[in-house]
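The values are calculated or read from the model by the stated rules, or taken from the named source; none is laboratory data. Because the structure is predicted, anything quoted here is derived from the model rather than measured. Don't worry about glycine lacking a Cβ; one is built from the backbone with ideal geometry, like all the others, and counts go over all protein chains shown. Accessible surface is based on the protein model in full, side chains and every heavy atom, while ligands, DNA and RNA are left aside. Shrake-Rupley method; radii C 1.70, N 1.55, O 1.52, S 1.80 Å.
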Amino acid sequence: MKQDLFQAPDYFLMDELLSDEHKLIRDAARDWVKRDVSPIIEEACQNAIFPKQILSGLADVGAFGPYIPTKYGGAGLDHISYGLIMQELERGDSGVRSTASVQSSLVMYPIYEYGNEEQRLKYLPKLATGEMMGCFGLTEPNHGSNPGGMTTNIKDMGDHYILNGAKMWISNSPFADVAVVWAKNDAGRIKGVIVEREMEGFTTPETHNKWSLRASATGELVFDNVKIPKENILEGKDGLGAPLGCLDSARYGIAWGAIGAAMDCYDTALRYSKERIQFGKPIAAFQLQQKKLAEMITEITKAQLLTWRLGVLKNEGRATTAQISMCKRNNVEMALNITREARQILGAMGITGDYSIMRHMMNLESVITYEGTHDIHLLITGLDITGESAFK
Ligand code: TGC
Ligand code: FAD
């Protein structure tokens, strides 16, 4: 990839809505992405390799458990800080943001919220430093949008449980040390289980041949009579609401992250349009290219305002599941549309790995599907405004 010349667009002076601490945290993540992610990410993506060398840097910029209290190794930050970190990471690559989302919102969050003190102290400090990596198993081969139908199960054997079943499409699974897995108990109630890599009967085959999120490792979780000690159950909350509560936090981070990918594509296309000469002029001088660029910055600005407001509501404990869905859905679609327009501004150069646009475009095809598909988020809004569920 060419030198990372990224300059963040801030058309409506959004920085004035941020505290000095927010800007410091954001800028630290931005600088780290420029220095340690941009130079290696294209090659990692082309070779479909997760760049493990970035894990300690992710921990250093506070990307693992930003809003988890410092007592457990987290950064104790607010939700706008968390969002800004996710924005900067996804500006680099959605796969890098994915790794941090999963670790923070899908592994540390449930252990913190639903775990007991012993579980918090055992796992959270190591997860915060990246010494231990985690993954989150909800989706199954036959249950994606409908996780409530899951068949993975735990059987009570008196002094322990036996876990059987399989999860699919699991980010970080090929290298995770622990997995937060959702399984039904004998009564059919969904419970959270902490599965450790060395447990007998637990395997994590990697999923290959992805055209999207190639710099993120994806795999399965297979449980063949895995013996689970009783102390590995998350007793604080059960039912489908427990994993869905984690998704609220991760979807919120994705809403911010998608803005990062969009900003990167807009910035690249704007710079290119000023340098590329056709018919004796920079292509930026042609109205058709200006229309694309003007619409991009308009959509980015609208998303920035929506998402900042969501962050304020989240800090106040007032952000609803439906508001988070609307924001995730809007921002990912916005970002995907921008990648397609930006790609066109670069002409043939846009399809190469010399620029980040095509990589963002392919990544966002996963982002628009995981953590609830585009359709599911629309139906969540539909249910919220009409009171009628159209899922079943
Ligand atoms: P439904 O009947 O609506 O709800 C079941 C129970 O859950 C409660 N609930 C929530 N609780 C907390 N937070 C939320 N956001 C909640 N939403 C619902 C609800 O109140 C109810 O509680 P109770 O006590 O009455 O039982 O459930 P449903 O079966 O109709 O399904 C609803 C639907 C379709 C919206 C939901 O299942 C859904 O969101 N499906 C999408 C699945 C999904 O998002 N999977 C993501 C997997 S993880 C992932 O993709 C990680 S990618 C990570 C990365 O790499 O970045
Ligand atoms: P399906 O549910 O089969 O949906 C197929 C199509 O049908 C979609 O267009 C959907 O919108 C539509 N559809 C489904 N139900 C309805 C309905 N009621 N009304 C209208 N349309 C409907 N999962 C995890 O648990 N952990 C992870 O870490 C994780 N990481 C992932 C990483 C990647 C790269 C990807 C691609 C996925 C990941 N997932 C993960 C899985 C992801 O959450 C699911 O793919 C997603 O929830 C959709 O499920 P599905 O793919 O089975 O699609």
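Summary table below
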item	result
Simple label model, 7 Å out from Cα along Cβ direction - Asp10 to Arg35, nm	2.0 nm
Accessible area of segment 134-234 belonging to carbon and sulfur atoms, whole % at 1.4 Å probe	48 percent
Protection-proxy order for peptides 234-240, 5-11, each taking the mean of Cβ atoms within 10 Å per residue, highest first	234-240, 5-11
Residue-span extension gain [Ala285 to Asn116] - 0.36 nm each, minus C-alpha spacing	54.7 nm
Value of relative contact order over the chain, rounded to a whole percent, pairs C-alpha under 8 Å and six or more apart	18 percent
Set of aspartates and glutamates with alpha-carbon distance to Lys230 below 20 Å, sequence-local pairs under 8 removed	Glu113, Glu117, Glu118, Asp156, Asp159, Asp177, Asp186, Glu196, Glu198, Glu200, Asp238
Calculated FRET value between Thr373 and Arg271, using beta carbons and R₀ = 25 Å, to 0.05	0.15
Probe 1.4 Å, accessible area per residue of segment 14-129, Å²	36 Å²
Theoretical gain in end-to-end length, Asp177 to Leu24 [0.36 nm per residue, Cα-Cα removed]	51.9 nm
Calculated FRET efficiency for the pair Ala390/Ala348, C-beta based, R₀ 56 Å, to 0.05	0.85
Tensor-based shape of segment 14-129 (alpha-carbon gyration tensor, a/c under 1.5 rounded, otherwise prolate or oblate)	oblate
Unsatisfied cross-links (Cα-Cα over 18 Å) in the set Lys126/Lys155; Lys184/Lys237; Lys155/Lys191	Lys126/Lys155
Extended-chain gain in nm, criterion 0.36 nm per residue less alpha-carbon gap, Glu196 and Arg318	40.5 nm
Per DSSP, loop chymotrypsin sites (Phe, Trp or Tyr not before Pro) in segment 264-351 with at most 10 further Cβ within 10 Å	Phe279
Set of segment 205-240 residues, backbone N closer than 12 Å to the point 7 Å along the Cα-Cβ line of Leu383	240
Nearest-0.05 FRET efficiency for Gln3 and Gln46, computed from C-beta distance (R0 22 Å)	0.75
If the convex hull is drawn through the Cα atoms of the chain, its volume per residue in Å³	134 Å³
